[in-house]
Amino acid sequence: IHMASRIRAALDEGSFQLYAQPIASAGDRTRIHHYEVLVRMLDNNGKRILPGAFIPAAERYGLMQQIDSWIVRELFQNQGTAVAASGLTFALNLSADALGDSLFQRQFFGLLAESAIPPQRLGMEITETAMINQMDSASQFVSDLRAMGCTVALDDFGNGLSSFNYLKNFAIDYIKIDGSFVRQVDSNFVDLMIVESINQVAHRLKAQTIAEFVEDQATAEKLQTIGVDLVQGYHIGRPRPLQEVLEEASLSE
Ligand code: G
Ligand code: G
Ligand code: MN
Ligand code: NA
């Protein structure tokens, strides 16, 4: 109850902050391909709270959709001009609740139509659990998004119970290989086989792969050898305030 009321207060006061983490080409890790948008909650004393501490509560109390709505408004409306001017591409996480809700879907497309950001500069990251829980409405939303030019990534792939089942039913652009398989891909044979297999399936389905939680150079080089397309993690860059990323992009023009 305590966390739920802190989230409600943060929603009332707009006390969230957008962060962005770079995703690079595995072959040339100085080349940033796009950024994942991540949310942080600011407590009433200004302290930053990580999603791990508030997202489970937000899900339990049905507040996740309101958080996602806030994020979409902030990115498309308030930061829309700066995002468009940056020329950068961003991927945002959508929760199961948002994904399956027709009101959210309409709001999303409305804000997208009004925003300066070309749909091609936007991607959505969804987890398989989000998809499984909201199969019919979510799958329509996903295909509408792709028809508009947005890309769709399947997040945390391999971490759930039915990852491959999802691939039978939906076309997607990216598969994000769950960090639990990536961390030790350099030293653990089973992890190596799993990453290779996911990579092969993805490519046969004309999707690109993104490895998460790439924390050192040896892992990055191994992933490049395997043929993974894109890499994300502390070795590439930590999440930084979106504002900072946008300012940097405008300075380097
Ligand atoms: O940023 P961090 O690593 O703490 O994120 C932890 C989890 O919270 C990740 O699974 C991430 O996808 C999720 N998350 C972060 N930002 C958002 C967001 O804006 N919307 C949703 N639905 N999930 C998010
Ligand atoms: O579930 P999702 O993939 O959306 O979550 C991304 C989360 O993972 C973010 O909260 C981000 O801060 C975290 N993260 C990203 N890269 C790394 C990494 O290399 N190591 C660790 N420990 N966390 C990471
Ligand atoms: Mn994600
Ligand atoms: Na992920």
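In a residue-by-residue description of segment 6-27, the property of being surrounded by 21 or more Cβ atoms within 10 Å (Cβ to Cβ), in contact with a strand residue (DSSP E or B) (Cβ under 8 Å, 6 or more places away or on another chain) and under 21 Å from D101 (Cα atoms) applies to at least one position.
Does any residue of segment 173-181 turn out to be among the aliphatic types (A, V, I, L, M), under 19 Å from the mean Cα position of the chain (by Cα) and surrounded by 14 or more Cβ atoms within 10 Å (Cβ to Cβ)? Within segment 173-181 (the criterion being among the aliphatic types (A, V, I, L, M), under 19 Å from the mean Cα position of the chain (by Cα) and surrounded by 14 or more Cβ atoms within 10 Å (Cβ to Cβ)), the answer is yes, since at least one residue qualifies. Filter segment 106-134 down to the residues that are at pLDDT below 95 and surrounded by 15 or more Cβ atoms within 10 Å (Cβ to Cβ), then identify the one that is farthest from ligand 2 (Cβ to nearest atom). Per the criteria, the residue is Q134.
Scanning segment 138-154 for residues that are more than 16 Å from ligand 3 (Cβ to nearest atom) and farther than 24 Å from Q208 by Cβ turns up nothing. The condition (being away from ligand 1 (no atom under 14 Å from the Cβ) and among the polar types (S, T, N, Q)) is satisfied by just one residue among S180, S137: S137.
Scanning segment 4-22 for residues that are more than 16 Å from ligand 2 (Cβ to nearest atom) and at pLDDT 90 or above gives A4, S5, R6, I7, R8, A9, A10, L11, D12, E13, S15.
Considering L161, L251, the condition of being more than 16 Å from ligand 2 (Cβ to nearest atom), surrounded by fewer than 17 Cβ atoms within 10 Å (Cβ to Cβ) and closer than 22 Å to G87 by Cα is satisfied by L251 alone. Out of the residues in segment 149-174 that are β-branched (V, I, T) and more than 15 Å from ligand 1 (Cβ to nearest atom), which is nearest to K222 (Cα to Cα)? Restricting to residues being β-branched (V, I, T) and more than 15 Å from ligand 1 (Cβ to nearest atom), the top hit is I172.
Is it the case that segment 22-30 has a residue that's farther than 26 Å from A4 by Cα and within 14 Å of ligand 3 (Cβ to nearest atom)?
The answer is yes; a qualifying residue exists.
If I filter segment 93-123 down to residues being farther than 24 Å from A207 by Cβ and among the charged types (D, E, K, R), which single residue comes out as farthest from ligand 4 (Cβ to nearest atom)? Among residues in segment 93-123 that are farther than 24 Å from A207 by Cβ and among the charged types (D, E, K, R), the one farthest from ligand 4 (Cβ to nearest atom) is E114.
If the condition is being in contact (Cβ under 8 Å) with a residue 40 or more places away in the chain, away from ligand 2 (no atom under 13 Å from the Cβ) and part of a helix (DSSP H, G or I), then segment 221-242 contributes Q224, I226, L242.
The residues listed here are L88, L18, L50; of these, the one that is within 16 Å of ligand 3 (Cβ to nearest atom), in contact (Cβ under 8 Å) with a residue 60 or more places away in the chain and farther than 20 Å from L154 by Cα is L18.
When restricted to residues that are within 15 Å of ligand 1 (Cβ to nearest atom) and free of Cβ contacts under 8 Å to residues at least 24 places away in the same chain, segment 91-106 contains 0.
So which residues in segment 98-136 are farther than 13 Å from F76 by Cα, charged (D, E, K, R) and more than 16 Å from ligand 3 (Cβ to nearest atom)?
Of the residues in segment 98-136, the ones farther than 13 Å from F76 by Cα are 98-106, 120, 124-136.
Narrowing the set further to residues that are charged (D, E, K, R) leaves 101, 106, 125, 128, 136.
Passing the criteria: D101, R106, D136.
Among residues of segment 107-118 that are of a type in the set (D, E, K, R), those with a beta-carbon under 9 Å from a residue that is at pLDDT 95 or above at least six positions away or on a different chain give the pairs E114/F76; E114/Q77; E114/G80.
The values are calculated or read from the model by the stated rules, or taken from the named source; none is laboratory data. All of these numbers come straight from a predicted model, not from anything done at the bench. In this analysis, Cβ positions are derived from the backbone assuming ideal geometry, glycine residues included, and neighbour counts consider all displayed protein chains.
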